[in-house]
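Colleague: Please see the structure below; I have some questions.
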Amino acid sequence: MDDLERTVRKLAAAEDIKKLKAYYAHLCDIGYPPDRIADLFVEDGIWDGGEMFGVQRGKQAIHDFFDGVRGSISWALHYMIAPSIEVADDLQSATGSWYLWQPCTVDGQPIWLAGLYNDVYVNVDGTWKYKELHLDLQAATPFDKGWVEQRYIGK
């Protein structure tokens with residue numbers, strides 16, 4: 001494969017990964033369907049929501065987590081902003097970072113979430129999947145208080 005072909009394939013892979021992230025956000029925004037979200041991950045995938053949401057290892061744990069989230073987060077609108085994606089030369093793995101801005105309703109309370117995603121992706125038979133999704137939550141603040149007064153809910 002020459003340099004031009006590799007570059008085009010890497011750009012196409014980056015676009016596919018952007019679509020994966022957009023689809024993940026869409027699934028979260030329509031009520032966190034656990035089967036569909038878990039299918040975005042490889043069998044031994046990791047969903048890491050940090051201190052607030054915990055770490056889920058494996059598709060079944062990810063499924064079970066999102067099944068439970070549906071009862072707590074009744075509404076969300078995920079804004080995935082400023083993607084930076086690096087596709088490996090072998091076109092089989094990639095990393096990506098994104099900013100998250102998310103208004104949502106958690107246990108009946110309006111909340112602003114803000115953070116950074118750092119993800120690892122793998123190509124499985126031509127389809128990009130999450131190997132690891134890491135959320136570095138910077139704020140989870142009540143709408144009426146803001147991050148200056150109360151940066152994290154429950155604190």
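Colleague: Need one number: nm distance between label points at residue 84 and residue 148, each 7 Å from Cα along Cα→Cβ, rounded to one decimal.
Modeller: Distance between the two pseudo-spin positions: 2.8 nm.
Colleague: Of the heavy-atom accessible surface of the chain (probe 1.4 angstrom), what whole percent is carbon and sulfur?
Modeller: On the chain, the fraction of accessible area on carbon and sulfur atoms equals 53 percent.
Colleague: Right, here's the next one. Size of the dipole of the chain about the Cα centre, Lys and Arg at +1 and Asp and Glu at -1 on the beta carbon, nothing else charged, in debye to 20?
Modeller: So the dipole magnitude of the chain works out to roughly 420 debye.
Colleague: Note down, for segment 27-155, the three equivalent ellipsoid semi-axes (square root of 5 times each alpha carbon gyration tensor eigenvalue), biggest first, whole angstrom.
Modeller: Value: 27, 17, 12 Å, ordered largest first.
Colleague: Give, in nm to one decimal, the length gained when the segment between residue 91 and residue 105 is fully stretched (0.36 nm per residue of separation minus the Cα-Cα distance).
Modeller: Values: separation 14, 0.36 × 14 = 5.04 nm, distance 3.84 nm.
In short, 1.2 nm is gained.
Colleague: Hey, what number do you get for the chain at 222 nm if only DSSP H runs of n ≥ 4 count, each worth -39500 (n - 2.57), divided across all residues, to the nearest 500?
Modeller: -10500 deg cm²/dmol
Colleague: Round to a whole angstrom and tell me the spacing of the C-alpha centers of segment 82-138 and segment 1-59.
Modeller: The distance from the Cα centre of segment 82-138 to that of segment 1-59 comes to 7 Å.
Colleague: Where only protein heavy atoms count, and the probe is 1.4 Å, what is the accessible area per residue for the chain in Å²?
Modeller: 54
Colleague: List, in order, the whole-Hz ³J(HN,Hα) value for each residue of segment 119-131 obtained from phi through the Karplus relation with A = 6.51, B = -1.76, C = 1.60 and θ = phi - 60°; use x for Gly and Pro.
Modeller: For segment 119-131, the Karplus-derived couplings read 10, 10, 10, 9, 8, 10, 6, x, 10, 7, 9, 6, 8 Hz, x marking Gly and Pro.
Colleague: Please go through the residue pairs 21/59; 18/145; 21/145 and name each one whose alpha carbons sit more than 24 Å apart in this structure.
Modeller: Distance filter (> 24 Å) returns 18/145; 21/145.
The values are calculated or read from the model by the stated rules, or taken from the named source; none is laboratory data. Just so you know, these numbers come straight off a predicted model, no measurement behind them. Backbone-built Cβ (ideal geometry, glycine too); neighbour counts: all protein chains shown. To get the accessible areas, we keep the full protein, side chains included, count just its heavy atoms, and leave off ligands, DNA and RNA. Shrake-Rupley method; radii C 1.70, N 1.55, O 1.52, S 1.80 Å.
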